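Structure, as structure tokens:
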């Protein structure tokens, strides 16, 4: 068993199976407990909750290099949506490409220039110059202009990046908010910012994989490729080169048959 699952009472494949299902399909912890029991896995919903809190952020961290690849000098759509945490509204800042691919996200307790700057700075950090946007589309919120201006002054955002405040240009990200909200709805609200952010990281990474953003690293097509990509990042099963060799050998044998 991989060291990531040492001292756990269940195999790593089962734990990741539960975390993936919760983060991908928008089910409650109690419903997932029943679904696993149908398949012979007797586990309490509170244990599944602890698995999600521990492994969803780790999954997002390990897969970030695979799915977070903005296009060359592309156009970004930036917006925020509301998330209820402990009975209060918090703000999930998000950025996507004009094709709808996820670039980054950030959960903030406030909605102001400082929060917008923090999010955009986080999104730009670590990107090559050619990956930084030529255009940033936002709504008419007054917080984005000063935030982008401050980042340009600090040299973190290209000086020639255009800031457009045209609401209809953000249709793609607004539609993507709705798909993410369908995953969040069964949670019935979060108890703290920490647990909310940990869970949302799992939702976001599974959404990115579903969009095909890590397809270049998947040996098998579709959901099977997603499953094996996640398992490999946790050291489960064959490594990428062994799996690639076995996959091609099976294809050659099927073609020769």
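Every residue in segment 223-251 that is part of a helix (DSSP H, G or I), surrounded by 10 or more Cβ atoms within 10 Å (Cβ to Cβ) and modelled with pLDDT under 90, please. Spell out the reasoning first.
Going through segment 223-251, the residues part of a helix (DSSP H, G or I) turn out to be 223-233, 240-251.
Those left that are additionally surrounded by 10 or more Cβ atoms within 10 Å (Cβ to Cβ): 223-233, 240, 242-251.
The answer is 240, 242, 243, 244, 245, 246, 247, 248, 249, 250, 251.
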(request) Evaluate the following for residue 164: is it touching a strand residue (DSSP E or B) at 6+ places or on another chain (Cβ under 6 Å) and exposed (fewer than 15 other Cβ atoms within 10 Å of the Cβ)? (result) yes
(request) Kindly provide the set of residues from segment 83-135 that are over 20 Å from the mean Cα position of the chain (by Cα) and farther than 22 Å from residue 65 by Cβ, ordered by number. (result) 86, 87, 88, 89, 110, 111, 112, 113, 114, 117, 134, 135
(message) Going residue by residue through segment 50-59, is there one that turns out to be surrounded by fewer than 17 Cβ atoms within 10 Å (Cβ to Cβ) and in contact with a helix residue (DSSP H, G or I) (Cβ under 6 Å, 6 or more places away or on another chain)?
(response) yes
(request) Determine whether segment 157-176 contains at least one residue that is at pLDDT 95 or above and under 30 Å from residue 46 (Cα atoms). (result) yes
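Out of everything in segment 98-127 that is in contact (Cβ under 8 Å) with a residue 60 or more places away in the chain and in contact with a strand residue (DSSP E or B) (Cβ under 8 Å, 6 or more places away or on another chain), what residue ends up being surrounded by the most Cβ atoms within 10 Å (Cβ to Cβ)?
First, the residues of segment 98-127 that are in contact (Cβ under 8 Å) with a residue 60 or more places away in the chain: 98-102, 105, 107, 109.
The next check asks that each one be in contact with a strand residue (DSSP E or B) (Cβ under 8 Å, 6 or more places away or on another chain); those that pass are 98, 102, 105, 107, 109.
Values: 98: 17, 102: 22, 105: 24, 107: 22, 109: 11.
So, considering only residues that are in contact (Cβ under 8 Å) with a residue 60 or more places away in the chain and in contact with a strand residue (DSSP E or B) (Cβ under 8 Å, 6 or more places away or on another chain), the one surrounded by the most Cβ atoms within 10 Å (Cβ to Cβ) is 105.
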(request) Return a yes/no flag: does segment 64-74 have any residue that is within 14 Å of residue 131 (Cα to Cα), at pLDDT below 95, surrounded by 21 or more Cβ atoms within 10 Å (Cβ to Cβ) and touching a strand residue (DSSP E or B) at 6+ places or on another chain (Cβ under 9 Å). (result) yes
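Can you pull out every residue in segment 26-46 that is under 26 Å from residue 181 (Cβ atoms) and free of Cβ contacts under 8 Å to residues at least 60 places away in the same chain?
Kept after step one, since they are under 26 Å from residue 181 (Cβ atoms), are these residues of segment 26-46: 26-36, 45-46.
Once the filter is applied, which keeps residues that are under 26 Å from residue 181 (Cβ atoms) and free of Cβ contacts under 8 Å to residues at least 60 places away in the same chain, segment 26-46 yields 29, 30, 32, 33, 34, 35, 36, 45, 46.
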(request) Could you tell me whether residue 210 is within 22 Å of the chain's Cα centre (by Cα), closer than 22 Å to residue 14 by Cβ and surrounded by 20 or more Cβ atoms within 10 Å (Cβ to Cβ)? (result) no
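Suppose the filter is on the phi > 0 side of the Ramachandran plot and in contact with a helix residue (DSSP H, G or I) (Cβ under 7 Å, 6 or more places away or on another chain); does residue 26 pass it? So that I can check it myself, show each step before the final result.
Numbers: on the phi > 0 side of the Ramachandran plot: yes; in contact with a helix residue (DSSP H, G or I) (Cβ under 7 Å, 6 or more places away or on another chain): yes.
For residue 26, the condition - on the phi > 0 side of the Ramachandran plot and in contact with a helix residue (DSSP H, G or I) (Cβ under 7 Å, 6 or more places away or on another chain) - is met.
The values are calculated or read from the model by the stated rules, or taken from the named source; none is laboratory data. This one's a predicted model, so the numbers in the text were calculated from it and none came from an experiment. Because the Cβ atoms are built from the backbone with ideal geometry, glycine has one as well, and the counts that use them run over all protein chains shown.
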